[in-house]
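I have placed the structure first, in the form of structure tokens, so that the comments after it can refer back to it.
The values are calculated or read from the model by the stated rules, or taken from the named source; none is laboratory data. Predicted model only: the values in this text are computed from it and were never measured. Ideal geometry is used to build each Cβ from the backbone, glycine not excepted, and the neighbour counts take in all protein chains shown. What goes into the accessible areas is simple: the full protein's heavy atoms, side chains included, and nothing from ligands, DNA or RNA. Shrake-Rupley method; radii C 1.70, N 1.55, O 1.52, S 1.80 Å.
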Protein chains: 2
Amino acid sequence: MPAIDANRLLRDLYALREIGKYKTGVHRPTFSPQDIESRQWLATRLGEAGLDPVIDGIGNVLGHDPAPGRKLLLGSHIETQNHAGWLDGALGVIYGLEIARTLGHGIDVAAWVDEEGHFGSFIGSRSFCGQLTEDEIDQCANRETGTSLREALQQAGYAGRPRIEVDPARYSGYLEAHIEQGAELEQLGLRIGIVTAIVGSRRFRISFTGQQNHAGTTRMAVRKDAGVALVKLVAGIEARFPAIANKRTVWTTGDIRLDPGAPSIVPGGAELIFQFRDTDSTVLDALEATLNDLIAETNAGPCSAVIAGRSTSEPAMMDARFQDALQTAAEAHTPGRHQRMPSGAGHDAQILSRRLPSAMLFVPSIDGISHHYAENTSDEDIVLGCQVLADAADALRTPS
Amino acid sequence: MPAIDANRLLRDLYALREIGKYKTGVHRPTFSPQDIESRQWLATRLGEAGLDPVIDGIGNVLGHDPAPGRKLLLGSHIETQNHAGWLDGALGVIYGLEIARTLGHGIDVAAWVDEEGHFGSFIGSRSFCGQLTEDEIDQCANRETGTSLREALQQAGYAGRPRIEVDPARYSGYLEAHIEQGAELEQLGLRIGIVTAIVGSRRFRISFTGQQNHAGTTRMAVRKDAGVALVKLVAGIEARFPAIANKRTVWTTGDIRLDPGAPSIVPGGAELIFQFRDTDSTVLDALEATLNDLIAETNAGPCSAVIAGRSTSEPAMMDARFQDALQTAAEAHTPGRHQRMPSGAGHDAQILSRRLPSAMLFVPSIDGISHHYAENTSDEDIVLGCQVLADAADALRTPS
């Protein structure tokens, strides 16, 4: 089993961390100057590793092994959330670089653009998988600045280049490593997670309409309080979802707004953002049916409620043979200290898995922290994760 | 019974409406140029009516009857909420002016500054009643612009003037007319409301603390969701308050905020603004005890809750003899089409009633609208209300 170069791996991760460094983390949003610099930096490293580097028309960075034969594709993303951690995404990309160097051939490396969604939803991996239309590109814009994706691509120098799409004949599969972004591995004293599936999610914006009124002069019996209607619906979710949910189902009311939101005014409007996630579509369907029941109950009362926005992603199953390869490698290097587990967060692998056999490996997140500059993983776990992934890649690149 | 001059009354109300006119309403916040102009306009009108006009060191406009003998004080306020109605406050002040002119003597007129709370809480009537310290004036500032009250008084030209305080030997009592700000009179087909009491209110800012986390990777069992804790408390209020409340008790959650308020983040913090109002202090005490029970129940769970802010006003009872005088006058002019009722909104009369026998008269609000430029009352009801108040004032100014 070829051994990775732990010092070279860490040196590259540390070097990438300097581009857009923020406290102990990184601020490198998609198509910021720091993000564009990091893409060029990565392309240079891929070339030094003997791969043919290219940055395509959507901003994906790819390193192609020039040798003949089928390849295994390894990757993740290198842009970050705002003022976020140094490993989220970068870890999986630099693992790919290090494994391509270690194995010498049979490995392609990818950094998918904008996994963090500054401009859209998985636009890099969806472009590669043939799911991103030119029309959608026309409509994407930075969620904070409003800069259009077209303009950002122009400024980055990527506009007009072809977008590279997956050639299924070239690849035997896709592997992605990532920090766990939760505290489960750490709490169980484990060092490797082997992802069984990436959860599907359904996200809803629900708007409530009542009647705005004076909070002193409007009697309770005649009120149409949109805020109370919202609270009763959320309380209904909390009361009914546990009986329908799986052990690992999660649901979250992330935001609530009352309109006008003044102390002495009965709210005439209200809005919430709600989502739930599970790896089982039948569970997602059952939860959505219950949500619709609760909305119907609201509409039988003094206020009305409507789903003003809905977006979904389906659960993505990881390939069984790839999971087995990861488990064999993990057991060899850290016997008994690994587990199979779903991913509660979304990853590019959920897109790739529709086109290629795919799998994911998790390393522990210290205190479970992610999307924050304090995010970290011990050097020992970083090195172990890369070696386990290298072993699995070595086993998988030669069809058994 | 002396008859008021309906045309003169309406002409003055229309003239005042022109100062800061906004659509069909008025934008005349405290110490805006329009508000200062309207104070000078009123002082001039009071002088023309034979009263000695003065604008004092807090901005109150007073018209003193120069004749000897005890006086009845009539008033309300002339500044408005932002982009609000033309009658809220102005009605009661111009009634005072018209009744002083009609009765010829025995009437003082007041326009209390900032009843609407742009700078503080009832600073005009509280100054007059000896409840506003120089220290509090130092601390007041415009809630929108941050301009200090001292600076605003300086710019208006009122700084350095004495503040006039009530002389209980001068006054036999206080009368205030106001629009109802609700739809009850209209719905019952009534034309006059005689206020029995002004509700007391208790207002709370409640902060919830949990733990911010990733909404995909954090299992339900380990979450400390501050938003869920907030929703359960509000649902608890809605479940338990009806059994404790009086028929006219009102309670309102006016605002809710989740922190950080993002779709995929378990809220680590949350805050709400809650208030309740009743004319009975024992009911207010019982409601507050239940609120404290609910907060204690929250603190027994995964999140903590604290009352981060609390402000209160006590219920104010209106004088029985003054109510009788208003009822006799109402019955004479609109037999059977009047009722006694509490005021769910706050008014300067709740401050004055601690120092002088006080009472209030309501006229109907069309569709119950107030604090909006569409606020209105029919001319017939405006004229009727002034005549009823004039009769009551005539009866009350001569001790029986």
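In the stretch B:200-313, taking the dipole from charged Cβ atoms about the Cα centre, the farthest positive-side position among B:V266, B:G210, B:G301 is held by B:V266.
Under a model in which nothing but the beta-carbon of Lys, Arg (+1) and Asp, Glu (-1) is charged, the protein assembly as shown shows a dipole of about 640 debye around its Cα centre. Counting Cβ atoms of other protein chains within 10 Å of each Cβ in A:255-268 and taking the mean gives 6. Distant-in-sequence amide contacts of A:Y171, defined by a placed amide H-H separation under 5 Å and a gap of 5 or more residues or a different chain, comprise A:K71.
Would you mind checking the pairs A:K21/A:K71; A:K232/B:K224; A:K247/B:K232; A:K224/B:K247; B:K23/B:K247; A:K224/B:K232 and listing those with alpha carbons more than 26 angstrom apart? Display every interim value, and only then the final one.
Working: A:K21/A:K71 33 Å; A:K232/B:K224 20 Å; A:K247/B:K232 22 Å; A:K224/B:K247 17 Å; B:K23/B:K247 37 Å; A:K224/B:K232 20 Å.
Flagged as over cut-off: A:K21/A:K71; B:K23/B:K247.
Peptide B:232-242 is shielded by partner chain Cβ atoms: per residue, an average of 3 of them sit within 10 Å of its Cβ. In the stretch B:174-328, the portion of solvent-accessible area held by carbon and sulfur atoms comes to 49 percent [1.4 Å probe, whole percent, DNA, RNA and ligands not counted]. Modelled spin-label separation between B:E314 and B:Q40, with each label point placed 7 Å from Cα along the Cα-to-Cβ direction: 4.1 nm. Beta bridges per DSSP, both residues in chain B: antiparallel share near 70 percent. Chain B packed on chain A takes about 3600 Å² of accessible surface away from a 1.4 Å probe, both sides summed. In degrees from 0 to 90, rounded to the nearest 10, what is the angle of the helix A:226-244 Cα long axis to the longest principal axis of chain A? Taking the Cα atoms of chain A, the angle to A:226-244 is about 50 degrees. In a shell of Cβ-Cβ distance under 12 Å around B:G269, excluding B:G269 itself, what net charge do Lys and Arg (+1) and Asp and Glu (-1) give? Taking every Cβ under 12 Å from that of B:G269, the sum is -1. Rounded, prolate or oblate: which fits the stretch B:200-313, taking a ≥ b ≥ c as square roots of the Cα gyration tensor eigenvalues, rounded meaning a/c under 1.5, else prolate when a/b beats b/c? Since a/c reaches 1.5 and a/b is larger than b/c, the shape of the stretch B:200-313 is classed as prolate.
Per-residue 3J(HN,Hα) values for the stretch A:303-313, derived from phi via the Karplus relation 6.51 cos²θ - 1.76 cosθ + 1.60 with θ = phi - 60°, read 10, 10, 9, 9, 7, 8, x, 8, 9, 9, 9 Hz in sequence order (x marks Gly and Pro). The contact residues of the stretch B:190-217, meaning those that lose at least 20 Å² of 1.4 Å-probe accessible area when all protein chains sit together rather than their chain alone, are B:R203, B:H214, B:A215, B:G216, B:T217.
In chain B, the longest principal axis of the Cα atoms and the axis of helix B:320-333 are about 70 degrees apart.
Quickly estimate the mean residue ellipticity at 222 nm for chain B, helices only: each DSSP H run with n ≥ 4 gives -39500 (n - 2.57), and the total goes over all residues, rounded to 500.
So the calculated ellipticity at 222 nm is -11000 deg cm²/dmol.
For peptide B:367-380, how many partner chain Cβ atoms fall within 10 Å of a residue's Cβ, on average?
Details: counts 0, 5, 2, 3, 6, 2, 0, 0, 0, 0, 0, 0, 0, 0.
Per-residue shielding by partner chains comes out at 1.
Anisotropy class assigned to the protein assembly as shown is prolate, per the alpha carbon gyration tensor with a/c at or over the 1.5 cut-off and a/b larger than b/c.
List the trypsin sites (Lys or Arg not before Pro) in the stretch B:8-90 that DSSP assigns to loop (not H, G, I, E or B) and whose Cβ has at most 14 other Cβ atoms within 10 Å. Which are they? Each step should come with its number before you reach the end.
On the way: sites: B:R8, B:R11, B:R17, B:K21, B:K23, B:R39, B:R45, B:R70, B:K71; in loops: B:K23, B:R70.
For trypsin sites (Lys or Arg not before Pro) across the stretch B:8-90 that sit outside H, G, I, E and B with at most 14 neighbouring Cβ atoms in 10 Å, the list reads B:K23, B:R70.
Taking every alpha-carbon pair under 8 Å whose residues sit at least 6 apart, the stretch A:244-383 reaches a relative contact order of 16 percent.
Label reach from B:T282 (point 7 Å along Cα→C-beta): in the stretch B:188-206, amide nitrogens under 20 Å belong to B:196-202. The H on the amide N of A:D255, modeled in the peptide plane, is under 5 Å from the matching H of A:I273, each at least 5 residues off or on a different chain. Taking a ≥ b ≥ c as the square roots of the eigenvalues of the Cα gyration tensor, the stretch B:182-224 is classed as prolate, since a/c reaches at least 1.5 and a/b is larger than b/c. Counting only heavy atoms of the protein chains and using a 1.4 Å probe, A:D259 has close to 90 Å² of accessible surface. The relative contact order of chain A comes to 22 percent, based on Cα pairs under 8 Å that sit 6 or more residues apart. Once the Cβ-Cβ distance of B:D52 and B:R11 is raised to the sixth power relative to R0 = 22 Å, the FRET efficiency obtained is 0.45.
Loop-only check: which GluC sites (Glu not before Pro) in the stretch B:120-197 are DSSP coil with at most 16 other Cβ within 10 angstrom? It would help to have the intermediate numbers written out before the result.
Numbers: sites: B:E134, B:E136, B:E144, B:E151, B:E165, B:E176, B:E180, B:E184, B:E186; in loops: B:E144, B:E165, B:E180.
When the GluC sites (Glu not before Pro) of the stretch B:120-197 are filtered for loop state and at most 16 Cβ neighbours within 10 Å, B:E144, B:E165 remain.
In a DSSP loop and with at most 14 other Cβ atoms within 10 Å, the GluC sites (Glu not before Pro) in the stretch A:1-102 are A:E18.
For A:V26, the residues whose modelled amide H falls within less than 5 Å of its own, excluding neighbours fewer than 5 places apart on the same chain, are A:A84, A:G85, A:W86.
GNM remark for chain A: springs join alpha carbons under 10 Å apart, and the peak mean-square fluctuation among A:I382, A:I369, A:I265 falls on A:I265.
Hey, what's chain A come to in accessible area per residue, 1.4 Å probe, Å²? Kindly include the intermediate steps, with their values, before the conclusion.
On the way: 14700 Å² over 400 residues.
Accessible area per residue: 37 Å².
Grab the other residues whose beta carbon is less than 10 angstrom from that of B:S358, score K and R as +1, D and E as -1, and report the net.
Values: positive: B:R354, B:R355; negative: B:E176, B:D319, B:D348.
Neighbour charge sum, excluding B:S358 itself: -1.
Normalised by the number of residues in the stretch B:200-313, the mean separation of alpha-carbon contacts (under 8 Å, six or more apart) gives a relative contact order of 47 percent.
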